[in-house]
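Single-structure report; data block below.
The values are calculated or read from the model by the stated rules, or taken from the named source; none is laboratory data. Bear in mind that the values here come from a model prediction, so they are computed numbers and not experimental data. Every residue, glycine as well, gets a Cβ built from its backbone with ideal geometry; the counts of neighbours run over all protein chains shown. Note: areas computed on protein heavy atoms with side chains; ligands, DNA, RNA excluded. Shrake-Rupley method; radii C 1.70, N 1.55, O 1.52, S 1.80 Å.
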Amino acid sequence: MSRAMRNPLAFWGLVIIAIVLALALLAPVLAPYDPDAIDVKSILLPPSTAHWMGTDGLGRDVFSRMLFGSRISLLVGFVAVGIATLIGVILGAISGYYRGWVDVLIMRLVDVMLSIPTFFLILAVIAFLTPSIWNIMIVIGLTSWMGVTRLVRAEFLSLREREFVLASATLGARDHRLIFRHLLPNSLTPVIVSSVLGVASAVLIESGLSFLGLGVQPPQASWGNILTEGKEYIQFAWWLSFFPGMAILLTVLGYNLLGEGLRDALDPRTNGKGKK
Amino acid sequence: MIRYLLKRLFWMVPLLIGISLISFFIMHLAPGDITTTEAGFNPKASEESRQKLRELYNLDKPLIVQYGLWLKRMGTLDFGTSFASHQRPVFWEKKDDQGNVNPGMIQEALPVTLLINVLSLLLIVVIALPLGVISAVHQNRPPDRAITVFVFVGFAVPGFWLALILMYWLGVVNPWLPISGLHGLGHENMGVLGRLWDLGKHLAIPVFISALSGLAGISLFVRNGMLDVLHQDYITTARAKGLPENTVIYRHALRNALLPLITLLGLSIPGLIGGSVIAESLFAIPGMGKLFYDAVLMRDFPVIMGILTIGAALTLLGNLLADLAYAWADPRVRRGVVQ
């Protein structure tokens with residue numbers, strides 16, 4: 001971990017993530033106004049000392065809505081990635097450990113899922129269900145596990161043949177001991193990297209869905225649906241589209257930096273100056 | 001090559017069956033049947049159109065029969081007609097009783113999206129290649145650092161947000177570019193060049209937006225690929241025998257670094273097609289993305305199912321083309337020496 005922190009990408013990524021996370025956790029303390037409180041006397045006010053990020057078309061304080069919106073965006077990101085990682089690790093482990101026809105079946109399923117354009121798949125599922133924050137988490141999770149499955153499978157396939165695993169198998173260790181004590185802990189590094197990168201893409205997907213009106217539904221604030229309102233008022237109120245856009249950009253940047261930084265730091269091949 | 005092609009085509013069969021299963025599964029996600037769920041169906045829809053939907057998907061028959069019929073309709077590319085009042089065929093044109101030709105919805109939207117995607121793939125290659133090569137050649141020096149910053153910001157910027165900003169800045173504040181649709185007023189009266197110029201102006205921002213995220217990824221990929229190749233022995237040999245540095249980089253290194261790029265471009269197709277939803281609906285471009293978005297809002301199920309299936313088939317086709325291009329470029333793959 002200390003090696004990872006010496007990597008400038010990972011370090012700055014973590015700084016951004018920590019700030020955004022702190023703001024999200026402390027939202028009820030930090031928010032100067034009730035995020036849903038409508039105030040008809042202060043509609044579309046530009047940023048000022050009273051309203052740091054201005055107010056929206058219903059006179060709601062944008063800064064407070066941004067703070068509470070960050071909770072939604074991050075929650076969707078974390079839960080979706082959690083679901084995807086869980087599915088990916090389980091399927092990848094089964095595929096890589098047992099091989100044979102199970103492996104063939106799972107890998108074909110991965111190919112099929114990868115061949116359907118993800119955003120179409122997500123929108124189609126949402127068309128058949130109702131757009132709610134829970135459905136969105138589940139749908140994003142169920143459509144983004146394929147990468148993890150491939151990673152874990154590849155790790156399992158190569159680790160299986162290594163001496164320490166063979167030794168343990170020779171000593172009579174059972175399947176579950178081999179899987180949970182030897183194979184799984186040693187294949188977690190790429191999973192961590194891909195989960196961190198996954199949060200970034202889940203946050204982007206959620207904001208895109210909410211922007212299209214098919215994600216988090218108003219009045220509940222999310223960065224994406226604040227931007228939708230920003231689109232309506234773009235000629236009169238730049239702050240309504242500027243701040244949520246920047247928030248999404250910074251958050252996604254943070255997770256991407258940490259993910260790529262961790263990959264560099266944890267991969268012995270790219271560690272240090274040159275390769276090999 | 002023929003044998004390779006046949007092998008690849010054969011592998012597409014299980015994938016197509018899988019796609020039919022997944023789309024069938026999605027259709028049955030809604031609780032009850034899709035005609036009765038309040039969320040799943042437009043409450044304004046008449047009993048008649050509900051009945052039509054039940055007939056279309058044979059919802060009164062047993063599940064296995066339903067699937068068989070769905071598979072058969074997928075095989076014959078028959079996706080029924082839209083629920084919208086115009087009742088146009090979803091996929092391809094059909095003649096009605098009076099002999100009038102009714103143009104298909106996907107038939108009209110597909111070329112638009114293909115055009116945008118081909119243009120953005122071209123843009124990606126044209127910009128990402130030099131960026132990646134420069135980055136690799138100047139590893140860890142200022143040009144590399146600057147390009148890395150660009151790559152990360154390009155990855156992180158939400159496309160729809162940038163589209164909104166460009167739309168406002170280039171379309172409203174400085175009205176240089178049109179921000180809606182594909183054609184300007186009176187484009188029928190323009191010459192060929194005038195029409196192309198008009199189309200180009202309409203497509204400039206959408207193509208740029210759709211290329212942006214791919215741009216960042218591909219240039220990073222080219223950079224890492226080049227770095228890998230540049231550290232190999234045959235590059236040292238090429239340098240040792242006194243070849244000019246440009247020859248080493250462009251003739252020896254770049255060619256080998258480019259091979260995996262073919263596959264990656266093939267893999268980026270579903271992302272591009274899916275990404276077209278936001279750009280097309282923002283700019284009111286009548287392509288697959290906008291068609292799909294409107295269908296989702298209207299709960300126009302035949303259109304949703306049709307686009308989902310055609311989109312997946314297109315992706316398979318794109319991957320096939322990429323694999324063939326790879327086999328064409330690398331004889332080792334063609335002869336089955338390496339995977």
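Structure summary
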| quantity | calculated |
| --- | --- |
| Failed item, numbered, when residue A:57 is tested on (1) in contact with a helix residue (DSSP H, G or I) (Cβ under 7 Å, 6 or more places away or on another chain); (2) open to solvent by less than 50 Å² (accessible area, probe 1.4 Å); (3) in a helix (DSSP H, G or I) | (3) |
| Filter result for residue B:314 (touching a helix residue (DSSP H, G or I) at 6+ places or on another chain (Cβ under 7 Å), open to solvent by 10 Å² or more (accessible area, probe 1.4 Å) and under 18 Å from residue B:121 (Cβ atoms)) | yes |
| Residue within the stretch B:277-289 that is within 8 Å of another protein chain (Cβ to nearest Cβ), more than 30 Å from residue B:184 (Cα to Cα) and either touching a residue at least 60 places away in the same chain (Cβ under 8 Å) or over 17 Å from the mean Cα position of the chain (by Cα) (or both) present | no |
| Count of the stretch A:1-24 residues which are open to solvent by less than 40 Å² (accessible area, probe 1.4 Å) and of a type in the set (A, V, I, L, M, F, W, C) | 6 |
| Selection from the stretch B:132-155 of residues that are open to solvent by 40 Å² or more (accessible area, probe 1.4 Å), assigned to a helix (DSSP H, G or I), under 17 Å from residue B:254 (Cβ atoms) and touching a residue at least 24 places away in the same chain (Cβ under 8 Å) | B:137 |
| Test: residue in the stretch A:184-206 that is among the β-branched types (Val, Ile, Thr), under 23 Å from the mean Cα position of the chain (by Cα) and over 30 Å from residue A:120 (Cβ atoms) | yes |
| Matching residues, the stretch A:96-120, being open to solvent by less than 10 Å² (accessible area, probe 1.4 Å), more than 17 Å from residue B:13 (Cβ to Cβ) and at the interface with another protein chain (Cβ under 10 Å from one of its Cβ atoms) | A:117, A:120 |
| Unmet requirement for residue A:258, which otherwise passes all of (1) at pLDDT 90 or above; (2) within 10 Å of chain B (Cβ to nearest Cβ) | (2) |
| Among the residues listed as B:267, B:259, B:321, the single one being more than 17 Å from the chain's Cα centre (by Cα) and surrounded by fewer than 19 Cβ atoms within 10 Å (Cβ to Cβ) | B:259 |
| Near pairs, Cβ below 6 angstrom, 6+ apart or cross-chain, from the stretch A:25-47 (open to solvent by 80 Å² or more (accessible area, probe 1.4 Å)) to any residue that is hydroxyl-bearing (Ser, Thr, Tyr) | A:33/A:64 |
| Hey, residue A:158 of a type in the set (S, T, N, Q), modelled with pLDDT under 85 and not in a loop (DSSP other than H, G, I, E, B) or not | no |
| Some residue of the stretch A:45-63 being under 30 Å from residue A:148 (Cα atoms) and under 24 Å from the mean Cα position of the chain (by Cα) | no |
| Qualifying positions in the stretch B:157-200 - charged (D, E, K, R) and surrounded by fewer than 16 Cβ atoms within 10 Å (Cβ to Cβ) | B:188, B:195 |
| Residue within the stretch B:282-299 that is of a type outside the set (A, V, I, L, M, F, W, C), on the phi > 0 side of the Ramachandran plot and open to solvent by 40 Å² or more (accessible area, probe 1.4 Å) present | yes |
| Inter-residue pairs, beta-carbon under 8 Å, first facing chain A (nearest Cβ under 10 Å) and at negative phi and in the stretch B:159-178, second among the basic types (Lys, Arg) and part of a helix (DSSP H, G or I), 6+ apart | B:164/A:231 |
| Out of A:70, A:64, sole residue that is open to solvent by less than 70 Å² (accessible area, probe 1.4 Å), assigned to a helix (DSSP H, G or I) and without any contact (Cβ under 8 Å) to a residue 60 or more places away in the chain | A:64 |
| Options A:266, A:250, A:204; residue that is open to solvent by 20 Å² or more (accessible area, probe 1.4 Å), hydrophobic (A, V, I, L, M, F, W, C), at the interface with another protein chain (Cβ under 8 Å from one of its Cβ atoms) and farther than 14 Å from residue A:13 by Cα | A:204 |
| Residue satisfying all of: in the stretch A:180-201; open to solvent by 20 Å² or more (accessible area, probe 1.4 Å) and of a type in the set (A, V, I, L, M, F, W, C); nearest to the other protein chains (Cβ to nearest Cβ) among these | A:197 |
| Single condition residue B:309 does not satisfy, out of (1) surrounded by 16 or more Cβ atoms within 10 Å (Cβ to Cβ); (2) without any contact (Cβ under 8 Å) to a residue 12 or more places away in the chain; (3) of a type in the set (Ser, Thr, Tyr) | (2) |
| Qualifying residue in the stretch A:211-220 (condition: within 14 Å of another protein chain (Cβ to nearest Cβ) and small (Gly, Ala, Ser)) | yes |
| Residues being among the hydrophobic types (A, V, I, L, M, F, W, C), touching a residue at least 60 places away in the same chain (Cβ under 8 Å) and open to solvent by less than 40 Å² (accessible area, probe 1.4 Å) - total across the stretch A:226-247 | 5 |
| Considering residues of the stretch A:121-135 that are free of Cβ contacts under 8 Å to residues at least 12 places away in the same chain and assigned to a loop (DSSP other than H, G, I, E, B) only, the residue most open to solvent (accessible area, probe 1.4 Å) | A:130 |
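Rundown of residues vs (1) in contact with a Phe, Trp or Tyr (Cβ under 6 Å, 6 or more places away or on another chain); (2) surrounded by fewer than 16 Cβ atoms within 10 Å (Cβ to Cβ); (3) modelled with pLDDT under 70; (4) of a type in the set (D, E, K, R), yes/no style:
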| residue | (1), (2), (3), (4) |
| --- | --- |
| B:9 | no, yes, no, no |
| B:14 | no, yes, no, no |
| B:21 | no, yes, no, no |
| B:48 | no, yes, yes, yes |
| B:73 | no, no, no, yes |
| B:82 | no, no, no, no |
| B:88 | no, no, no, yes |
| B:103 | no, yes, no, no |
| B:118 | no, yes, no, no |
